[in-house]
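Peer 1: Let me give you the structure first, and then I'll get to my questions.
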Amino acid sequence: MTDAWHWKSAREIRDAVSAGAVSATQVVSDHLARIDDVDGRVDAFTQVWRDMALEMAGAVDAKIARGETPGPLAGVPVALKELFCTREGKTSCASKMLENFESPYDATVVKKLAAADAVFLGKVNMDEFAMGSSTENSAIKTTKNPWNLNCVPGGSSGGSAAAVAAGECPISLGSDTGGSIRQPACLCGCVGIKPTYGRVSRFGLVAFASSLDQIGPLTRTVEDAALTLDVICGKDPMDATSADLPATDFVGGLTGDISGLRVGLPREYFTEALNAEMREKVERAIDVYRANGAEIVDISLPCSDYAIAVYYIICTAEASANLARFDGVRYGFRHPDAKTMQEMYVLSKSAGFGPEVQRRIMLGTYVLSSGYYDAYYLKAQKARALIKKDFDAAFEKCDVIAGPTSPTPSFAFGAKSDDPLEMYLSDIYTISVNLATLPGMSLPCGLTDAGLPAGLQLIARPFDEATLLNAAHFYEKNRGFDMGRPPIA
Ligand code: GLN
């Protein structure tokens, strides 16, 4: 064996397991040993489902022994973000409010992964209810960046990114409302894709902001992202917003041919707000397209400046409605000292939710309240439409948009946690993509002098993940350097 199974890609594992070259049990055991080895330092996992993982792997091995054709993720270990409903274990959303919540059903994506013969290793950490950009808002634990254990993994899918980067799993499922797949992928040197709104069913994803939330994978290769997406996307009768489109073959679309591709560079994304080293890495990545015959075009997204304000009105409004169900009555935590109904609400929510979640519920309630609704919520909806129009116009001139994923590399714990506005700026380049319901992706594009990953963001037209993934795959194959592995032993 030249390399441990835990550094192999999902594709390599699937092929080897399907061909009988290795058993799913062996692959999973190797990953469980890796988790034992490194997770005490990384702290990505919130639950390790040892028995369940070995049982699922055993079932895949038995299927192969019976001569049946295994699924497209045969024996591939997967870690799930804490906000996917699973009958196994807890679905805590990294909140005290749901710390003992057990879901009576599995999310559609969880069912689809299981049907594809993937194996679940357990669940991974996140910012409470997916609100944050550093995973510091988790009520469970602090996840570290495998590239530097003093730095954050990004968020809110920080556990997913850290687990993939540390070689604990080849695939982790995350969710992205304003950047929560792409920004941690960038900070941990992973590949992360947020599909078009509607591409993947959100049934069983605990809702944060329903007009923005999407599910997607974090992986170490573009091909693994395509492979996962082929498995999880599609119409679901349980999610009315899921799109009814023909079956995808994103893996088959990774042709390596980018002839005629027009790559748009938004002026607004290359300003002083962008850290100089990040800018240099992103520009070098764009040179790979330029040097290989892509047409590089200058584009403008003039409403970009409004994105953060618009997002924090819309996402908080939707969150305040979605989180109203956590009232001490139906789900999770109820404060033991409450004597009246009013006290039950106030005490349960005050003790069950962390400060960032409380801040958002209050902001959201405010922007929806009568007298402020028109001034904030309605105006934000209008601005959202203008942001979308900017992208429509840009896509007349180009096929993919390229720029940075995050304005800075990973940062030290505590560096931004006392200043919410500073933290909100982490998503300055990712948020518009959710507001415009587009597919977007982050790809590792080098390391800073301090050894921290930089990320290239690519954005495509609605439902054009095929172009997005093919362009990403092209870069990955032609970037001319290896990202290497994080210094965690
Ligand atoms: N960091 C952003 C926020 O806190 C995005 C989070 C997400 O995409 N879930 O809202």
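Peer 1: Suppose each label sits 7 Å from its Cα in the direction of the beta carbon; what would the ASP15-ARG359 distance come out to in nanometres?
Peer 2: Reported label-point gap for ASP15 and ARG359 is 4.7 nm.
Peer 1: Label the stretch 205-328 by shape, choosing from rounded, prolate and oblate, from the square roots a ≥ b ≥ c of the eigenvalues of the Cα gyration tensor; if a/c is under 1.5 it is rounded, and otherwise prolate applies when a/b is larger than b/c, oblate when it is not.
Peer 2: oblate
Peer 1: What's the local net charge at LEU98, with K and R +1, D and E -1, over the other residues with C-beta under 13 Å away?
Peer 2: With Lys, Arg at +1 and Asp, Glu at -1, the net is +2.
Peer 1: Quick one: order ASP305, ASP239 by neighbouring beta-carbon count within 10 Å, fewest to most.
Peer 2: Neighbour counts put them in this order, fewest first: ASP305, ASP239.
Peer 1: Only counting other Cβ atoms within 10 Å, I'd like TRP7, TRP49, TRP147 sorted with the fewest neighbours first.
Peer 2: Neighbour counts put them in this order, fewest first: TRP7, TRP49, TRP147.
Peer 1: Further, regarding this structure: In the neighborhood of GLY216, defined by Cβ-to-Cβ distances under 14 Å, what is the net charge if each Lys or Arg adds +1 and each Asp or Glu adds -1?
Peer 2: Surrounding charge for GLY216 is +1.
Peer 1: Another one. For LYS339, list the lysines whose Cα falls under 25 Å from its own Cα; do not include residues on the same chain fewer than 8 positions away.
Peer 2: Result set, ordered by chain and number: LYS96, LYS349.
Peer 1: Can you pick out the pairs among LYS123/LYS416; LYS235/LYS382; LYS81/LYS141; LYS397/LYS477; LYS8/LYS112 whose Cα atoms lie more than 18 Å from each other?
Peer 2: LYS123/LYS416; LYS235/LYS382; LYS397/LYS477; LYS8/LYS112
Peer 1: Just report the Cα centroid separation between the stretch 100-143 and the stretch 67-87, whole Å.
Peer 2: 13 Å
Peer 1: Can you classify the stretch 91-188 as rounded, prolate or oblate using the Cα gyration tensor, where a ≥ b ≥ c are the square roots of its eigenvalues, rounded means a/c under 1.5, and otherwise it's prolate if a/b beats b/c and oblate if not?
Peer 2: Oblate.
Peer 1: How would you order 278-286, 253-261, 35-43, 121-129 from highest to lowest mean count of nearby Cβ atoms within 10 Å?
Peer 2: Taking the mean over residues of other Cβ atoms within 10 Å, the ranking is 121-129, 278-286, 35-43, 253-261.
Peer 1: Would you list LYS194, LYS235 from fewest to most Cβ contacts within 10 Å?
Peer 2: Result, fewest neighbours first: LYS235, LYS194.
Peer 1: When the helix-only estimate is applied to the chain (DSSP H runs of n ≥ 4, each -39,500 (n - 2.57), divided by the residue count), what is the mean residue ellipticity at 222 nm, nearest 500 deg cm²/dmol?
Peer 2: Value at 222 nm, helices only: -11500 deg cm²/dmol.
Peer 1: Net charge near THR25: determine it from the other residues with C-beta under 14 Å of the C-beta of THR25, scoring Lys and Arg +1 and Asp and Glu -1.
Peer 2: Once positives and negatives cancel, what remains is -3.
Peer 1: Aspartates and glutamates within cross-link reach of LYS389: Cα-Cα under 19 Å, excluding same-chain residues under 8 positions apart?
Peer 2: Cross-link targets: GLU268, ASP298, ASP305, ASP399, ASP464.
Peer 1: Return the whole-Å distance between the Cα centroid of the stretch 275-327 and the Cα centroid of the stretch 373-388.
Peer 2: Taking the Cα centre of each part, the stretch 275-327 and the stretch 373-388 sit 18 Å apart.
Taken together, the values in this text are just the output of simple stated rules run on the coordinates, not laboratory data. Just so you know, these numbers come straight off a predicted model, no measurement behind them. Please note: Cβ atoms are built from the backbone with ideal geometry, for glycine as well, and neighbour counts cover all protein chains shown.
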